[in-house]
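Inspection log for the structure reproduced underneath, given as structure tokens.
The values are calculated or read from the model by the stated rules, or taken from the named source; none is laboratory data. Quick caveat: nothing in here was measured; it's all calculated off a predicted structure. Cβ atoms come from the backbone with ideal geometry, glycine included; neighbour counts cover every protein chain shown.
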Amino acid sequence: MRDVGHFIGGKHVAGTSGRSADIFQPMTGEVIGRVALASRDELRKAVENAKAAQPAWAATNPQRRARVMMRFLELIAKETDSLAELLAREHGKTIPDAKGDIQRGVEVVEFCTGIPHLMKGDFSEGAGPGIDMYSIRQPLGVVAGITPFNFPAMIPLWKLAPAISCGNAYILKPSERDPGVPMRLAELMMEAGLPAGILNVVNGDKEAVDGILDDPDIMAVGFVGSTAIAEYVYTRATAHGKRAQCFGGAKNHMIIMPDADLDQAADALIGAGFGSAGERCMAISVAVPVGKATADALMDRLIPRVESLKVGPSTDPSADFGPMVTKAHLEKVRSYVDLGVNEGAKLVVDGRNFKMQGYENGFYMGGCLFDDVKPDMRIYKEEIFGPVLSVVRAKDYEDALRLPSEHEYGNGVAIYTRDGDAARDFASRVNVGMVGINIPIPVPLAYYTFGGWKRSGFGDLNQHGPDAIRFYTKTKTVTSRWPSGTKEGAEFSIPTMK
Ligand code: NAD
């Protein structure tokens with residue numbers, strides 16, 4: 001049993017609120033630790049610490065700040081195996097998938113090693129007679145991030161690396177379900193040379209989050225999690241005058257055109273629908289084949305693939321996916337499948353009763369596949385966040401384009417086709433933030449930005465890429481005139497006050 005406290009002022013501190021939560025190992029169902037849940041007072045202490053440390057860090061030149069990130073990268077590289085194992089044991093995803101979680105975060109740290117260049121301002125010489133105008137980017141001060149359970153390495157790194165590289169001090173409130181990796185990342189940051197107080201991890205639940213949202217010294221809040229909480233965090237943070245970028249849930253569609261390579265499309269659907277047990281905000285949860293012939297041919301390929309998915313413990317390298325994160329989440333996903341059956345969708349593969357031999361208390365579920373799902377069903381409208389793929393049959397392209405465009409979520413979408421014109425039209429017209437063309441999970445790389453539309457994202461700047469630098473800095477614009485008259489030459493007589 002591990003006891004996880006907080007990481008404040010460069011060291012571990014035990015929780016003092018008297019409240020804590022269990023940390024489970026989903027593959028066995030055992031409790032493997034307890035995590036402290038911070039009170040508002042504990043959060044406030046972290047903020048005071050961060051506030052005191054931040055000015056010196058902001059005054060450290062950006063190249064030195066970048067070097068800390070370079071050393072941080074080296075330390076993560078040395079520890080990827082043990083970090084991935086820790087991640088898999090607390091989250092439930094497989095170890096190869098956990099390595100991907102770390103890698104996609106690392107790529108944003110790599111981007112941040114360019115911070116001296118990324119923070120450069122603009123300069124206009126001779127904007128008026130004798131006047132130059134320039135802009136500079138300055139850090140905000142203390143900023144905070146609240147992150148979900150499903151990417152415990154990637155999402156904290158997406159947030160803390162740009163925030164800290166820009167010269168801010170950072171308070172991370174990770175998911176209470178898998179706090180182990182965020183805590184280890186904070187230790188590695190210290191080893192990399194980050195001054196104490198610049199990265200603080202405050203574990204907790206709603207109380208710590210509310211403390212962040214109301215704190216007068218926290219200038220910006222980044223959130224990733226479910227839509228209801230994203231909207232709540234956005235509303236309360238902005239009501240207190242903070243910058244906020246809050247990313248929520250998703251229902252990502254994949255359109256399969258009649259000319260698509262169906263073997264490729266089926267492959268993509270299996271990986272993107274069931275990888276990480278569907279607990280990804282960019283998972284494909286709705287397949288939209290266009291026309292009956294496409295739908296029938298796709299179902300012929302999908303059914304045997306879903307039936308033969310290999311569910312296994314997180315430490316089994318041959319498993320396609322592992323257990324769900326908690327028993328409560330497993331039950332919620334199962335009840336969505338029950339609901340789909342009651343709503344009249346056709347459950348063609350039923351994984352509800354899957355049991356993992358030798359791991360009977362683990363939170364496992366097999367893959368489920370629904371056919372004939374209709375847009376007015378709750379299993380179509382709501383995010384399930386599990387290994388459940390719904391097939392909605394579209395009669396033609398316009399019908400298919402309308403589905404993701406009119407859905408309340410707008411995170412990711414994909415189209416499979418061999419027709420460049422259809423792909424271009426789709427990318428241009430679809431009302432969704434991230435689009436894949438023959439790519440099932442179009443997560444943009446670190447130097448582009450990540451963000452969904454509609455109820456998948458609140459706020460106007462995306463995560464990572466150039467938007468992150470804008471989000472974590474404020475722009476100051478200087479207009480300067482230096483009057484002439486100092487060019488008269490050297491004065492050789494001793495100056496006197498004539
Ligand atoms: P969640 O909303 O339950 O929790 C997210 C964070 O909010 C956690 O740190 C949690 O402690 C905190 N929180 C929970 N309830 C709260 C409350 N009532 N008040 C204040 N704070 C609260 O989400 P989750 O289950 O950890 O993560 C899964 C969700 O995240 C899914 O909906 C998924 O789509 C979404 N997600 C979105 C993206 C994206 O970029 N759009 C990325 C990953 C995950």
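A few notes on this one:
- Restricting attention to the range 117-141, the residues being assigned to a strand (DSSP E or B), touching a residue at least 40 places away in the same chain (Cβ under 8 Å) and of a type outside the set (Asp, Glu) number 10.
- In the range 268-297, the residue that is farthest from the ligand (Cβ to nearest atom) out of those that are of a type in the set (Val, Ile, Thr) and part of a strand (DSSP E or B) is Val290.
- Of all residues in the range 365-388, those satisfying the criterion of being in contact (Cβ under 8 Å) with a residue 60 or more places away in the chain and over 25 Å from Glu408 (Cβ atoms) are Met365, Gly367.
- Yes/no for Ile255 being in a strand (DSSP E or B) and in contact with a helix residue (DSSP H, G or I) (Cβ under 9 Å, 6 or more places away or on another chain): yes
- Test for Val325: is it within 16 Å of the ligand (Cβ to nearest atom), more than 19 Å from Val413 (Cβ to Cβ), assigned to a loop (DSSP other than H, G, I, E, B) and under 26 Å from the mean Cα position of the chain (by Cα): yes
- The range 391-405, residues that are away from the ligand (no atom under 16 Å from the Cβ) and either touching a residue at least 12 places away in the same chain (Cβ under 8 Å) or among the hydrophobic types (A, V, I, L, M, F, W, C) (or both): Val391, Val392, Arg393, Ala394, Lys395, Asp396, Tyr397, Asp399, Ala400, Leu401, Leu403, Ser405
- Set Ala490, Ala400, Ala427: member being hydrophobic (A, V, I, L, M, F, W, C) and surrounded by 22 or more Cβ atoms within 10 Å (Cβ to Cβ): Ala400
- Of the criteria (1) outside the structural domain of Gly145 (by TED's automatic domain parsing); (2) assigned to a loop (DSSP other than H, G, I, E, B), which one Pro216 fails: (1)
- If you filter the range 212-223 down to residues that are of a type in the set (A, V, I, L, M, F, W, C) and in contact with a helix residue (DSSP H, G or I) (Cβ under 8 Å, 6 or more places away or on another chain), you find that the one that is farthest from the ligand (Cβ to nearest atom) is Ala220.
- Selection status of Asp467, in the same structural domain as Met119 (by TED's automatic domain parsing) and assigned to a helix (DSSP H, G or I): yes
- Considering the range 471-487, the residues that are surrounded by 10 or more Cβ atoms within 10 Å (Cβ to Cβ) and farther than 30 Å from Asp460 by Cα include one that is modelled with the highest pLDDT, namely Ser480.
- Arg418, sole failed condition from (1) in the same structural domain as Tyr170 (by TED's automatic domain parsing); (2) closer than 29 Å to Ala295 by Cα: (1)
- Yes/no for Gly204 being in contact (Cβ under 8 Å) with a residue 12 or more places away in the chain, part of a loop (DSSP other than H, G, I, E, B) and within 9 Å of the ligand (Cβ to nearest atom): yes
- Of everything listed in (1) β-branched (Val, Ile, Thr); (2) more than 22 Å from Gly412 (Cβ to Cβ); (3) not in a loop (DSSP other than H, G, I, E, B), the single unmet condition for Thr315 is (3).
- Complete set of residues in the range 82-116 that are over 14 Å from the mean Cα position of the chain (by Cα) and among the basic types (Lys, Arg): Arg89, Lys93, Lys99
Residues checked against (1) at pLDDT 95 or above; (2) hydrophobic (A, V, I, L, M, F, W, C); (3) in contact with a Phe, Trp or Tyr (Cβ under 9 Å, 6 or more places away or on another chain); (4) at positive phi:
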| position | (1), (2), (3), (4) |
| --- | --- |
| Gly5 | yes, no, no, no |
| Gly9 | yes, no, no, yes |
| Val13 | yes, yes, yes, no |
| Asp22 | yes, no, no, no |
| Thr28 | yes, no, yes, no |
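- Count of the range 133-147 residues which are surrounded by fewer than 21 Cβ atoms within 10 Å (Cβ to Cβ) and not aliphatic (A, V, I, L, M): 5
The rows are residues; the columns are (1) of a type in the set (A, V, I, L, M); (2) at pLDDT 95 or above; (3) under 23 Å from Glu408 (Cβ atoms).
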site: Thr238; (1), (2), (3): no, yes, yes
site: Leu269; (1), (2), (3): yes, yes, yes
site: Ala272; (1), (2), (3): yes, yes, yes
site: Arg301; (1), (2), (3): no, yes, no
site: Lys310; (1), (2), (3): no, yes, no
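- Qualifying residue in the range 259-267 (condition: surrounded by fewer than 22 Cβ atoms within 10 Å (Cβ to Cβ), within 14 Å of the ligand (Cβ to nearest atom) and over 20 Å from the mean Cα position of the chain (by Cα)): no
- Scope the range 224-250; condition more than 7 Å from the ligand (Cβ to nearest atom) and either at positive phi or among the aromatic types (Phe, Trp, Tyr) (or both); matching residues: Tyr234, Gly241
- Qualifying residue in the range 189-198 (condition: among the small types (Gly, Ala, Ser) and within 16 Å of the ligand (Cβ to nearest atom)): no
- In the range 177-201, residue surrounded by the most Cβ atoms within 10 Å (Cβ to Cβ) [restricted to those that are assigned to a helix (DSSP H, G or I) and of a type in the set (A, V, I, L, M)]: Leu185
- Considering the range 142-174, the residues that are part of a strand (DSSP E or B) and under 15 Å from Glu187 (Cβ atoms) include one that is nearest to the ligand (Cβ to nearest atom), namely Leu172.
- Every residue from the range 93-116 that is in a helix (DSSP H, G or I), out of contact with any helix residue (DSSP H, G or I) (no Cβ under 6 Å at 6 or more places or on another chain) and of a type in the set (Gly, Ala, Ser): Gly100
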